[in-house]
Each structure stands twice: as structure tokens, then as C-alpha cells.
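Below is one structure, written out as C-alpha cells; the observations come after it.
The values are calculated or read from the model by the stated rules, or taken from the named source; none is laboratory data. The structure presented is a predicted model; accordingly, all values stated were derived computationally and were not measured. Positions of Cβ are generated from backbone atoms using ideal geometry, with glycine treated the same way; all protein chains shown enter the neighbour counts.
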């Protein structure tokens with residue numbers, strides 16, 4: 001499904017100390033579930049470093065940016081803008097229309113709020129999209145939205161330039177280096 005030129009996730013707003021973990025998880029979710037890059041506010045440097053480190057170790061391509069002009073990014077974006085909000089239209093009612101815009105070649109900006117977002121964002125968005133229209137984690141909303149957008153194809157993605165990869169197992173944990181050497185063994189439960 002990835003016929004778009006680019007799928008970008010914008011973390012709109014970040015409160016240092018309060019949002020650090022959530023902002024990091026927005027970036028990790030964007031990476032793991034098919035986005036091409038994430039843009040964080042310029043005060044989210046630690047989150048950016050963590051996501052870059054994961055990309056270096058577990059593969060990409062995936063880009064991380066720090067920017068201070070979030071309003072301008074949204075205002076000037078050339079493509080389709082989706083704002084994830086519990087007040088939006090139900091994801092199941094608009095996913096096909098969003099997917100059609102992306103398949104037509106539009107870049108896609110997915111905005112995930114970190115604090116109260118300005119009303120202008122609701123007005124600028126081509127789609128205000130709600131996942132369940134109930135309060136929940138913005139990370140969960142992003143994951144469900146990206147999975148619906150890519151129709152599950154992101155789960156089979158091949159990762160490039162990975163230093164290591166996780167080997168799927170029914171139980172235990174197995175991670176191997178790029179050359180196939182185990183880096184973490186299964187530890188017995190005591």
C-alpha cells in the first residue's frame with residue numbers, strides 16, 4: 001500500500017518530564033508500523049535520540065527530526081493531513097478515503113497531539129480521525145490508524161541496515177547480530 005511519497009508522523013507538543021516516555025513511544029510506533037519519519041518538537045531531544053538509537057540498531061529506513069515550527073509544518077504541509085483525536089470521525093468510516101488519497105500519491109501527515117492542540121489544527125486537517133471516540137493513549141490511536149492505513153502490510157516489512165534483529169519465538173527471547181550470532185540468550189526463570 002505504500003504508494004505515497006511519504007508518511008510523516010508529527011508529535012504536536014511535548015512537555016519535558018511529563019511526556020518523555022509517551023513522545024518516545026509515538027516515534028517508536030511510527031517507525032515500527034510503517035511511517036517514513038517522525039517530527040518531534042525541538043524540546044524532545046531525548047526522545048529523538050532514543051528513536052534514532054533503535055533505528056540504528058534494529059534497522060530502517062526511518063528519519064527523526066526535531067523542529068520548533070509545528071504550526072507552520074501543519075499549515076504549510078502539501079498533502080493530506082490527518083489529525084488523530086478522540087473527537088474525530090470514526091477511523092472505520094474514513095480509512096478508505098484516507099487510503100485513496102495516499103494511494104493517489106499524496107504525502108500524508110499524521111498529527112498526534114501531546115497537549116491541548118489549537119482549534120486551527122482541527123480546521124486545517126483534511127481528516128480529524130477518532131479511534132473509538134473514547135479517551136485512551138495517543139500511541140494506541142497511532143498504532144490502530146497506521147495498521148488500518150497499511151491494511152496490515154507494515155507487519156511484514158523488511159528492515160535495512162540492522163545491527164541486530166529479533167527472532168520470533170513462542171517463548172523466550174532471541175536476538176541475533178547482523179551476522180547471525182546470538183546477542184541475548186534465553187534466561188531460565190527462577
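Determine whether the stretch 46-53 contains at least one residue that is in contact (Cβ under 8 Å) with a residue 12 or more places away in the chain and closer than 27 Å to residue 123 by Cα.
Taking the stretch 46-53 as the starting set, the residues that turn out to be in contact (Cβ under 8 Å) with a residue 12 or more places away in the chain are 46-48, 50-52.
Next, only the ones that are closer than 27 Å to residue 123 by Cα stay: none.
Within the stretch 46-53, not a single residue is in contact (Cβ under 8 Å) with a residue 12 or more places away in the chain and closer than 27 Å to residue 123 by Cα.
Looking at 51, 26, 38 in this structure, which one is part of a strand (DSSP E or B), assigned by TED's automatic domain parsing to the domain that holds residue 153 and in contact with a strand residue (DSSP E or B) (Cβ under 7 Å, 6 or more places away or on another chain)?
Details: 51 fails: part of a strand (DSSP E or B); 26 fails: part of a strand (DSSP E or B).
Step by step, each of 51, 26, 38 is checked, and only 38 is part of a strand (DSSP E or B), assigned by TED's automatic domain parsing to the domain that holds residue 153 and in contact with a strand residue (DSSP E or B) (Cβ under 7 Å, 6 or more places away or on another chain).
Looking at the stretch 113-123, which of the residues that are surrounded by 12 or more Cβ atoms within 10 Å (Cβ to Cβ) and either touching a strand residue (DSSP E or B) at 6+ places or on another chain (Cβ under 7 Å) or at pLDDT 95 or above (or both) is farthest from residue 87 (Cα to Cα)? If we take residues in the stretch 113-123 being surrounded by 12 or more Cβ atoms within 10 Å (Cβ to Cβ) and either touching a strand residue (DSSP E or B) at 6+ places or on another chain (Cβ under 7 Å) or at pLDDT 95 or above (or both), then 114 is farthest from residue 87 (Cα to Cα). Only one entry of 138, 151 meets the criterion of being touching a residue at least 24 places away in the same chain (Cβ under 8 Å), exposed (fewer than 12 other Cβ atoms within 10 Å of the Cβ), under 25 Å from residue 61 (Cβ atoms) and under 17 Å from the mean Cα position of the chain (by Cα), and that entry is 151.
Name the residue that is nearest to the chain's Cα centre (by Cα), counting only residues in the stretch 3-23 that are in a strand (DSSP E or B) and closer than 14 Å to residue 139 by Cα. Spell out the reasoning first.
Looking only at the stretch 3-23, we keep the residues that are in a strand (DSSP E or B), and these are 7-12.
Those still in the list that are closer than 14 Å to residue 139 by Cα too: 9-12.
On the way: 9: 6, 10: 8, 11: 9, 12: 12 Å.
The residue in question is 9.
Taking the listed residues 68, 107, 126, the one that is surrounded by fewer than 13 Cβ atoms within 10 Å (Cβ to Cβ) and touching a residue at least 12 places away in the same chain (Cβ under 8 Å) is 68, with no other qualifying.
Sort out which residues of the stretch 57-89 are in a helix (DSSP H, G or I) and more than 18 Å from residue 41 (Cα to Cα), and write them in order of number.
In the first step, residues of the stretch 57-89 are kept if they are in a helix (DSSP H, G or I); the result is 57-58, 70-76.
Passing the criteria: 57, 58.
Within the span defined as the stretch 170-179, every residue fails to be in contact with a helix residue (DSSP H, G or I) (Cβ under 7 Å, 6 or more places away or on another chain) and modelled with pLDDT of 90 or more.
Residue check: is residue 84 at pLDDT 95 or above and crowded, with 17+ Cβ neighbours inside 10 Å? So that I can check it myself, show each step before the final result.
Details: at pLDDT 95 or above: yes; crowded, with 17+ Cβ neighbours inside 10 Å: yes.
Here the answer is yes, as residue 84 does meet what is asked.
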